[in-house]
Amino acid sequence: GGGPPKAEAPEAAAAAAASDERCALALGAQAERWLQFQKRQRVSCEEAAKLLLDTFEYQALVKHTGGCHCGAVRFEVWASGDLHVFDCNCSICVKKQNRHFIVPASRFKLLKGADNLATYTFNTHCAQHTFCKTCGVQSFYTPRSNPDGYGIAPHCLDEGTVSSVTVEVIDGKQWEEAVKAHPSIHSMSKP
C-alpha cells in the first residue's frame with residue numbers, strides 16, 4: 001500500500017488517545033483481561049461495564065425472563081429466586097387471579113411488545129393494569145401500592161429460575177388500611 005495513513009482530525013486523535021489512556025490507567029493490570037472478556041462475550045466496553053454493574057448490583061438476585069401467552073410481550077426482571085408473592089382480594093385481583101411479586105422499576109426491562117400492550121385503569125387510576133392486546137394476559141403491571149415499581153405475575157415467568165414461592169394474603173377489600181399497616185410493601189419497589 002502506498003503513502004502514509006490519513007491523518008485524523010487533531011481533536012479526534014487527542015480524544016481517542018485520552019480515552020485509551022484513561023482506560024489503561026483505570027484498568028491497570030486488568031486491561032488485558034478486560035479486553036479478552038469483551039472479545040469472549042462479544043460486547044462493547046459499555047455493554048461489558050453494564051454486565052459487570054448488573055452482576056455486582058444485583059448480587060444474590062436472579063435474572064428471570066417471562067411474558068404473555070402468545071409471546072408478543074417479553075420481559076426480564078432481576079429478583080430473588082425465593083419469591084414473596086401477594087395474593088390480593090380486591091375486586092380486580094380476584095377477577096384476574098392477580099398474584100404478583102413487586103420489584104423496583106430499575107430491575108425490570110421490557111424486551112419486546114410495548115406496542116402490543118393495552119392498559120386498564122379504574123377508581124384512582126393509579127394502578128396501570130397492562131395486558132397483551134393479542135392474548136389478554138397480564139404478565140406485569142404497575143401496582144397502586146408501588147407506582148415506582150412493577151408487580152410481576154410469577155406464573156408468567158419462564159421455568160427454571162424460581163427456587164420457592166411464599167404467598168402472603170393481603171386484604172385488598174380494605175386496601176388503604178392493609179397497605180398502610182403493611183410493614184414492608186412500600187420498600188419492595190426501592191432499589
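The values are calculated or read from the model by the stated rules, or taken from the named source; none is laboratory data. These figures come from a predicted structure and were not determined experimentally. Reconstructed Cβ throughout: ideal geometry from the backbone, glycine too, with neighbour counts over all protein chains shown. Ligands, DNA and RNA are excluded from the accessible area calculation, which covers all protein heavy atoms including side chains. Shrake-Rupley method; radii C 1.70, N 1.55, O 1.52, S 1.80 Å.
Segment 115-145 and segment 79-109 have Cα centres separated by 13 Å.
With every protein chain kept in place and ligands, DNA and RNA left out, what is the accessible area per residue of the chain? Probe 1.4 Å, answer in Å².
Working: 12000 Å² over 191 residues.
Normalised by residue count, the accessible surface of the chain is 63 Å².
Of the GluC sites (Glu not before Pro) in segment 83-191, the ones in a loop by DSSP (not H, G, I, E or B) with at most 11 other beta carbons within 10 Å are GLU159. Residues THR130, THR124 ordered from highest to lowest accessible area at a 1.4 Å probe: THR124, THR130.
Selection among ALA178, HIS100, LEU27 by position relative to the dipole of the chain gives HIS100 as farthest towards the positive end (Cβ unit charges, Cα centre). Across the cross-link table entries LYS39/LYS109; LYS112/LYS173; LYS133/LYS190; LYS96/LYS133; LYS63/LYS180, which are compared at the Cα atoms, the separations over 27 Å belong to LYS112/LYS173; LYS133/LYS190; LYS63/LYS180. Annotation note: trypsin sites (Lys or Arg not before Pro) in segment 68-135 located in DSSP loop regions with a Cβ neighbour count of at most 16 within 10 Å are LYS133. Taking the C-alpha atoms only, the angle from helix 45-57 to the longest principal axis of the chain is near 40 degrees. If only the Cβ of Lys and Arg carry +1 and only the Cβ of Asp and Glu carry -1, the dipole of segment 54-182 around its Cα centre is close to 420 debye. In the chain, a dipole from Cβ-located charges (positive for Lys and Arg, negative for Asp and Glu) runs towards its positive end, and of VAL162, ILE152, VAL73 it is VAL73 whose Cα lies farthest in that direction. For the chain, the longest principal axis of the C-alpha atoms and the axis of helix 10-27 are separated by about 70°. Taking Lys and Arg as +1 and Asp and Glu as -1, the other residues whose beta-carbon sits under 12 Å from that of GLY71 total +1. Taking amide hydrogens as placed 1.01 Å from N in the peptide plane, the amide H of CYS135 sits under 5 Å from those of CYS70, each at least 5 positions away in sequence or on another chain. The string of couplings for segment 33-44 from the Karplus curve (6.51, -1.76, 1.60, θ = phi - 60°) is 4, 4, 5, 5, 4, 4, 5, 4, 7, 6, 10, 6 Hz, one whole number per residue in order, with x for Gly and Pro.
Sorting HIS64, HIS186 by solvent-accessible area of protein heavy atoms yields HIS186, HIS64, largest first, with a 1.4 Å probe. Each label was represented as a point 7 Å from its Cα along the Cα-to-Cβ direction; for SER80 and SER164 these points are 0.9 nm apart.
Using a cutoff of 8 angstrom between alpha carbon atoms and counting only pairs six or more residues apart, the relative contact order for the chain works out to 21 percent.
Here the 3J(HN,Hα) profile of segment 147-153, calculated from phi with Karplus coefficients 6.51, -1.76 and 1.60 at θ = phi - 60°, is x, 9, x, 10, x, 10, 7 Hz, Gly and Pro shown as x. If you count the DSSP beta bridges with both ends in the chain, what percent of them are antiparallel, to the nearest 5? Within the chain, antiparallel bridges account for around 75 percent of the total.
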